[in-house]
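For reference, the structure is listed below as structure tokens.
The values are calculated or read from the model by the stated rules, or taken from the named source; none is laboratory data. Values in this document were obtained by computation on a predicted structure and should not be read as measured data. Glycine gets a Cβ as well: all are built from the backbone with ideal geometry, and neighbour counts include every protein chain shown.
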Amino acid sequence: MAVRPLGQPGDLGWVVMAHGELYAEEFGWDTSMEALIARIMADFAASSDPRQAGWIAEVDGRRVGCVLCVPSSGPSSDPDTAQLRVLLVLPSARGLGLGDRLVSACIDHARSVGYRRMRLWTNSVLEAARHIYLSRGFVLVEEEPHHSFGVDLVGQVYELSLV
């Protein structure tokens, strides 16, 4: 088991594919989720911001998880706020502590480059991820029903103070 920096050939595409396949299988989400992840990964790859970073979790040399730490974006963006994105651990690797290790890498990196807080957007059906976020001290700050990825969901925003 290892958590390594994202950056090997195939990493970007794997993140997109894994999200598309897993969320379709587990939650019946359509390809608009995969398209969103593709945009996130393209933005990550095109950015030269030294404060961003990404990680891949591996078991026996196979990719099984991922996460990104990027500058916050959108209408409430703030230069002191990092954004945790694309956390995923494949079912075959769940229960090994990799989700917590990925989130820890993201939080530790954000602190090391001077961010004062971290935000993330998720959906309430992603219970395992929410458990990790809450165990690390994230607090729910927004919740709103929406229709995305072909289904009705409840979007959630969590924040963590890094100071």
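Observations on the model:
- Of the listed requirements (1) surrounded by fewer than 18 Cβ atoms within 10 Å (Cβ to Cβ); (2) closer than 22 Å to GLU21 by Cβ; (3) among the β-branched types (Val, Ile, Thr), VAL154 misses just one: (2).
- Of all residues in segment 45-62 being of a type in the set (A, V, I, L, M) and more than 22 Å from PRO91 (Cα to Cα), the one that is farthest from the chain's Cα centre (by Cα): ALA46
- Filtered residues of segment 23-44 (kept if part of a helix (DSSP H, G or I), over 28 Å from ASP80 (Cβ atoms) and either free of Cβ contacts under 8 Å to residues at least 12 places away in the same chain or over 14 Å from the mean Cα position of the chain (by Cα) (or both)): ALA24, GLU25, GLU26, PHE27, THR31, SER32, ALA35
- The residues in segment 28-59 that are among the basic types (Lys, Arg) and under 13 Å from TRP14 (Cα atoms) can be counted, and the count is 0.
- Leading residue by the ranking (modelled with the highest pLDDT) among those in segment 48-75 that are surrounded by fewer than 15 Cβ atoms within 10 Å (Cβ to Cβ) and touching a strand residue (DSSP E or B) at 6+ places or on another chain (Cβ under 8 Å): ASP49
- Considering (1) modelled with pLDDT under 95; (2) surrounded by 14 or more Cβ atoms within 10 Å (Cβ to Cβ); (3) of a type in the set (A, V, I, L, M), the lone condition that ALA128 does not fulfil carries the number (2).
- Identification of strands (runs of 3 or more DSSP E) wholly contained in segment 45-142 with 3 or more residues that are closer than 23 Å to TRP29 by Cα yields 62-71, 81-89, 117-123.
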